[in-house]
Amino acid sequence: MRQIDELVHVEDPAWPGLRETVSAGPVPVRVLPADSGESRRSLVQLQVTARSVLGALAWNCGGLLVDDGWVRVYGGGSRAGAGLASLAQVNGFPADFDPHWRPAAGLVVGHDVVGGVFALNGPDPAAAGRPGAPGQMTYFAPETLAWEAMGLSHSQWVTWLLSGRLDTFYDGLRWPGWRRDAGALGLSQGISVYPFLWSDEAHADLAATSRRPVPMSEVIAVAEEFARQTGTPDPGFLGGM
């Protein structure tokens, strides 16, 4: 086990470069302050250094709210009021470091407000029912209730989020006024869309759907339940809220 000092005090930490990318990028991003206890817990259990983007996020910030909060990138957890959950909380890390504990299917590193899940593959994605290569990003798509390989490392995924290409990625999932709706949410809330995003009705006319803020846990639970009911592969763990 590497102690916190070994993980934090490294040459070429990723955080300064990441902050510069956030500041210079075309996408509105809010950087949340970190909860020091959750930052430490996340980094120690992950055993990654602050040289990596994953470690830099866990140690230096509570998370990122990307594109006016449409995507939430998890870090050390926000200490502000009803703040953003930490990597440790979302993934159910043990309270104290456990060298034998690993995320069963992969590490959940982000959610979007309509129930999409971004996860980093573990060492055997196929055994967990996930596409893509070990150590690469996957996305649980709420309009198909299935995982999709992204072909990106975690650091490449963060760079991609900040690049201004999310409008293309979310084509068909964003309605007029989505930015206002996402920005008005609490950090533990998501948006319930009805008819559901995977329905023929939503596919045909997203603007005609009704939408309301609900706990993010509810958005995720509904997607999990319908994935099982419709006979698609069990999506597995989608993150605890």
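Projecting label points 7 angstrom from Cα along Cα→Cβ for Glu218 and Arg102 puts them 3.7 nm apart.
Rank these residues by their accessible area, most exposed first, probe 1.4 Å: Phe196, Phe237, Phe93.
Working: Phe196 50, Phe237 90, Phe93 15 Å².
Ranked list, largest accessible area first: Phe237, Phe196, Phe93.
In the distance distribution for the chain, Cα-Cα pairs more than 22 Å apart total 52 percent.
The local environment of Ala14, defined by Cβ-Cβ distances under 13 Å, has a net charge of -1 under the rule Lys, Arg +1 and Asp, Glu -1.
Cα convex hull, segment 62-179: 114 Å³ per residue, rounded to a whole number. With the charge dipole of the chain set up from +1 on Lys and Arg Cβ and -1 on Asp and Glu Cβ about the Cα centre, the Cα lying farthest toward the positive end among the listed residues Ala221, Pro33, Tyr139 is that of Pro33. Could you give the angle, 0 to 90 degrees to the nearest 10, between helix 15-24's Cα long axis and the longest principal axis of the Cα atoms of the chain? For helix 15-24, the angle is close to 40 degrees. Accessible surface computed residue by residue for the chain, with neighbouring protein chains in place and a 1.4 Å probe, gives 45 Å² per residue. Per residue of the chain, the DSSP helices (runs of n ≥ 4 H) give a summed -39500 (n - 2.57) that works out to -8000 deg cm²/dmol at 222 nm. Taking the protein heavy atoms of segment 2-158 in the context of the full set of protein chains, the accessible area attributed to carbon and sulfur is 51 percent at 1.4 Å. Shown for segment 170-224: the carbon plus sulfur share of the solvent-accessible area, taken with all protein chains present and a 1.4 angstrom probe, equals 51%.
The values are calculated or read from the model by the stated rules, or taken from the named source; none is laboratory data. Owing to the predicted nature of the structure, the values given are computational and were not obtained by experimental measurement. Cβ coordinates were reconstructed from backbone atoms using ideal geometry, including for glycine residues, and neighbour counts include every protein chain displayed. All accessible areas refer to the heavy atoms of the entire protein, side chains included, with ligands and DNA or RNA removed. Shrake-Rupley method; radii C 1.70, N 1.55, O 1.52, S 1.80 Å.
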